[in-house]
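Below: the structure, in structure tokens.
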């Protein structure tokens with residue numbers, strides 16, 4: 001049995017994957033806003049990533065402080081292999097479930 | 001790109017509520033986002049910052065499922081929120097444990113809060129006057145008796161003229177009246193008051209005006225009505241002022257309506273009229289019926305006012321020795337009169353309920369301690385992983401505070417129900433407490449109690465846990481810790497049993513006292529008797545000829561009803577008031593000196609009163625038609641009086657008088673002796689008493705309380721009684737319709753109220769103590785499983801194991817009960833004044849209660865002890 005991902009967790013992990021080296025809170029938030037139309041609060045993103053980290057799906061490290069952040073450090077996230085597997089599994093599941101329903105799904 | 005400053009307050013909130021890591025990430029992201037959106041306008045960007053910040057705090061505080069050790073730089077609030085969350089999660093994980101804890105605490109806190117609502121009403125609630133601490137009452141005192149009594153009108157006028165220390169000294173006198181013209185005639189309680197009373201109290205009307213000096217005329221016909229009378233009988237007419245209402249057949253102009261909270265000492269009243277002395281009253285120094293209220297002059301102390309009145313008392317004693325030789329004067333703060341008598345009983349109840357709270361706390365401490373020993377390893381590991389001791393203690397304290405606060409919320413709900421119940425069963429004598437309520441002050445009290453108890457019962461287990469050495473804890477060596485846990489637990493349970501013992505002794509004393517009180521022979525047969533009061537206004541019934549005509553006719557009609565055996569009437573029913581009293585002079589006995597007279601209770605009755613009440617005739621005869629207004633004056637005396645003045649001889653034909661130098665008309669001849677009846681209350685000894693026929697004038701208290709002995713349910717003839725009264729006088733009001741049994745019950749209501757309360761506290765305490773014993777022994781069994789296994793495998797029979805644990809529990813019970821018994825023995829006498837004919841040191845009471853508590857404790861021990869005896873030895877040693 002593997003990890004089951006919630007929808008928001010899935011979106012966050014996809015953003016982390018997409019951003020590659022540059023995945024930190026504000027950047028993930030921008031991705032979510034632009035690609036998924038979700039305006040998530042930093043707190044929600046942080047809590048989600050913290051939970052994913054505790055489950056061993058992502059790891060994090062601190063970057064350098066930047067003036068744009070009021071002198072605070074960025075916290076960068078990367079997927080671990082377990083995270084990649086979990087993401088792949090839930091993505092495949094979604095694709096399979098949706099097969100043959102494309103017409104119906106795009107209509108609405 | 002211009003930099004926008006982030007909203008400072010929002011940033012501060014983030015720092016306060018989030019831990020360091022979350023704060024850095026969240027605040028950084030927020031600021032970045034802010035600068036990003038700067039182009040869209042400063043205000044919009046900042047609003048967006050606020051929205052996201054609030055959402056972030058909510059998410060981080062509520063949804064982060066972790067108990068973390070705090071790190072350097074975390075704010076206190078964020079740490080506490082974290083602890084709180086952890087505690088709530090534990091509570092959800094152990095629902096049974098949490099339920100027992102919260103129930104126990106809610107009983108303690110709820111009970112204390114309900115009682116505090118009483119204390120608040122008695123001790124803290126301000127009276128509805130301005131500057132109440134400047135308002136005083138003036139009483140007369142008797143040199144031989146400590147009791148205060150109301151003043152006389154003639155003396156009152158001298159006080160008012162001569163005082164240098166009291167302003168607006170005002171008189172208050174009783175006045176009952178019948179209101180007609182607004183539906184059925186209605187009997188009202190009113191008072192005659194001096195116009196200056198309103199200034200003395202500093203009160204104003206809701207509508208209209210208070211009395212002015214001009215209202216104090218003989219021809220004055222003004223009246224001020226109470227709020228409830230205005231709302232109910234007068235239809236809340238906003239234009240009431242200036243209209244007329246008819247009281248005792250006299251039309252009076254309403255000049256004002258008082259606000260709803262207004263109440264005079266010994267109230268409540270329905271209306272107030274100006275107090276104007278008649279010529280006769282102006283001279284009266286012997287009849288006591290006036291209360292006096294005034295306001296201390298600016299700068300005057302209570303002691304100075306007392307000294308001032310003392311001087312006046314000496315002068316009055318010198319000028320009018322016949323009336324004032326033994327009289328002193330007492331100046332008393334108005335609060336003492338209105339609530340002073342309640343202070344002691346209420347504080348006793350508060351003390352009792354505090355004991356319950358203490359027991360609840362102990363139980364909670366013990367339960368937490370038991371759980372602490374189970375969590376022992378978790379804590380040790382956390383300590384080993386670097387959790388600081390302070391943080392561990394804080395975490396545990398937060399947990400107990402969560403329990404306490406949950407208990408407080410449940411307790412406040414309980415208290416709310418309790419105050420409703422209290423209001424419903426509250427006797428008339430506690431009327432000022434009727435408006436007890438759960439208000440802000442009471443809720444604050446509950447919150448403070450909860451915090452205090454939370455800290456108190458949380459501290460012991462917390463310190464205990466945090467103190468333990470890491471090494472011994474992780475190690476499986478549980479023997480020493482379990483010994484320590486159960487030692488603390490044992491002490492607590494012993495204390496708890498002692499407290500329960502004390503409460504139960506108190507409850508037993510109250511119950512015994514109540515039983516003796518209700519078993520007292522009142523001297524009459526209360527079953528199947530209807531009583532009601534009629535009002536005989538002086539305007540239509542000015543003399544005995546008039547009222548005895550009416551009463552004779554009414555009694556004749558009532559006795560014609562098929563179910564009625566006898567009907568009579570009396571000035572005051574027994575057990576409602578002690579009765580009128582007057583100085584007694586007995587023919588043939590030496591005259592007592594002035595001020596040394598013996599006073600005798602007297603009541604006016606109709607001929608069949610004794611028959612209706614079931615009071616036995618001992619000698620002579622009852623009154624009959626011969627004892628009319630123009631016949632020779634006669635009296636019937638009670639057995640006590642016959643025995644006191646004519647021991648060993650017949651009192652029949654002897655003569656007594658109320659006059660020191662009686663004219664032939666003043667003599668009253670004894671024609672009968674009846675059995676004693678209680679006068680003021682069941683608790684007081686019967687005093688000497690005389691009864692006179694209502695047809696022969698003696699005073700202004702005509703027989704207006706009617707008693708009707710019937711064949712079955714007395715209330716069944718209520719309608720017939722009303723019909724007969726109405727037929728004889730359509731303007732007459734009927735009031736206080738109730739069975740004689742209800743009259744008797746009312747007289748013991750205060751005692752019953754106390755007994756029910758202390759009894760329930762005692763029961764709760766006993767249950768809680770049993771829970772305590774049970775919990776401790778269960779813990780002990782759990783901790784000693786291995787020992788049990790060893791003993792069993794070495795040949796101990798289940799019976800031996802059972803005996804082992806029973807002995808452990810019973811030893812505690814015996815010690816606790818012994819301590820409680822000893823303390824109760826020394827403290828029970830504080831209850832003395834609240835008890836009737838019940839010795840506070842009766843060994844049988846103590847023995848019975850001790851036996852009861854020991855039996856309960858044995859049952860509580862038996863269940864876990866049996867569980868121990870049934871343990872499978874192999875299973876037991878494995879754990």
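The table below lists the values:
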{"quantity": "Scope the stretch B:219-253; condition part of a strand (DSSP E or B), over 25 Å from residue B:127 (Cβ atoms) and without any contact (Cβ under 8 Å) to a residue 60 or more places away in the chain; matching residues", "calculated": "B:222, B:244, B:251, B:252, B:253"}
{"quantity": "Qualifying residue in the stretch A:82-97 (condition: over 11 Å from the mean Cα position of the chain (by Cα), modelled with pLDDT of 90 or more and buried (at least 16 other Cβ atoms within 10 Å of the Cβ))", "calculated": "yes"}
{"quantity": "Condition broken by residue B:388, with the remaining ones in (1) surrounded by fewer than 16 Cβ atoms within 10 Å (Cβ to Cβ); (2) modelled with pLDDT of 70 or more satisfied", "calculated": "(2)"}
{"quantity": "Some residue of the stretch A:56-74 being crowded, with 18+ Cβ neighbours inside 10 Å and in contact (Cβ under 8 Å) with a residue 60 or more places away in the chain", "calculated": "no"}
{"quantity": "Residue B:227 within 30 Å of residue B:328 (Cβ to Cβ) and at pLDDT 90 or above", "calculated": "no"}
{"quantity": "Residues of the stretch B:617-627 that turn out to be surrounded by 16 or more Cβ atoms within 10 Å (Cβ to Cβ) and in a loop (DSSP other than H, G, I, E, B), as a count", "calculated": "3"}
{"quantity": "Test result for residue B:820, buried (at least 19 other Cβ atoms within 10 Å of the Cβ) and more than 30 Å from the chain's Cα centre (by Cα)", "calculated": "no"}
{"quantity": "Within the stretch B:632-721, strands (runs of 3 or more DSSP E) holding 1 or more residues that are closer than 30 Å to residue B:745 by Cα and more than 34 Å from the chain's Cα centre (by Cα)", "calculated": "B:634-638, B:668-674, B:689-693, B:705-710"}
{"quantity": "Residue in the stretch A:41-54 that is more than 11 Å from chain B (Cβ to nearest Cβ), surrounded by 14 or more Cβ atoms within 10 Å (Cβ to Cβ) and not in a helix (DSSP H, G or I) present", "calculated": "no"}
{"quantity": "Positions within the stretch B:783-792 being touching a residue at least 12 places away in the same chain (Cβ under 8 Å) and closer than 30 Å to residue B:359 by Cβ, in sequence order", "calculated": "B:783, B:784, B:785, B:788"}
{"quantity": "The stretch A:28-40: number of residues that are closer than 22 Å to residue B:15 by Cβ and assigned to a helix (DSSP H, G or I)", "calculated": "1"}
{"quantity": "Filtered residues of the stretch B:49-63 (kept if under 48 Å from the mean Cα position of the chain (by Cα), within 7 Å of chain A (Cβ to nearest Cβ) and touching a residue at least 40 places away in the same chain (Cβ under 8 Å))", "calculated": "B:57"}
{"quantity": "Unmet requirement for residue B:853, which otherwise passes all of (1) outside any helix (DSSP H, G or I); (2) in contact with a helix residue (DSSP H, G or I) (Cβ under 6 Å, 6 or more places away or on another chain); (3) under 30 Å from residue B:350 (Cα atoms)", "calculated": "(1)"}
{"quantity": "Checklist (1) surrounded by fewer than 23 Cβ atoms within 10 Å (Cβ to Cβ); (2) under 31 Å from the mean Cα position of the chain (by Cα); (3) modelled with pLDDT of 90 or more applied to residue B:149, failing item", "calculated": "(3)"}
{"quantity": "Qualifying residue in the stretch B:254-275 (condition: at pLDDT 85 or above, farther than 23 Å from residue B:339 by Cβ, within 37 Å of the chain's Cα centre (by Cα) and outside any strand (DSSP E or B))", "calculated": "yes"}
{"quantity": "Within the stretch B:843-861, considering residues that are touching a residue at least 60 places away in the same chain (Cβ under 8 Å) and surrounded by fewer than 19 Cβ atoms within 10 Å (Cβ to Cβ), the one nearest to residue B:815 (Cα to Cα)", "calculated": "B:852"}
{"quantity": "Number of positions in the stretch A:58-108 that are more than 14 Å from chain B (Cβ to nearest Cβ) and part of a helix (DSSP H, G or I)", "calculated": "24"}
{"quantity": "Any chance residue A:17 is crowded, with 21+ Cβ neighbours inside 10 Å, away from chain B (no Cβ under 12 Å) and out of contact with any helix residue (DSSP H, G or I) (no Cβ under 6 Å at 6 or more places or on another chain)", "calculated": "no"}
{"quantity": "Residue list for the stretch A:22-39, filter: surrounded by 23 or more Cβ atoms within 10 Å (Cβ to Cβ) and either within 12 Å of chain B (Cβ to nearest Cβ) or at pLDDT below 90 (or both)", "calculated": "A:24, A:25, A:28, A:29"}
{"quantity": "Strands (runs of 3 or more DSSP E) (entirely within the stretch B:503-587) containing at least 3 residues that are under 24 Å from residue B:631 (Cβ atoms)", "calculated": "B:564-570, B:580-586"}
{"quantity": "Selection count, the stretch B:17-46, where residues are at the interface with another protein chain (Cβ under 7 Å from one of its Cβ atoms) and within 60 Å of the chain's Cα centre (by Cα)", "calculated": "6"}
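The values are calculated or read from the model by the stated rules, or taken from the named source; none is laboratory data. A quick note: this is a predicted structure, and the numbers were derived from the prediction, not measured. All Cβ positions, glycine included, derive from the backbone under ideal geometry; neighbour counts span all protein chains shown.
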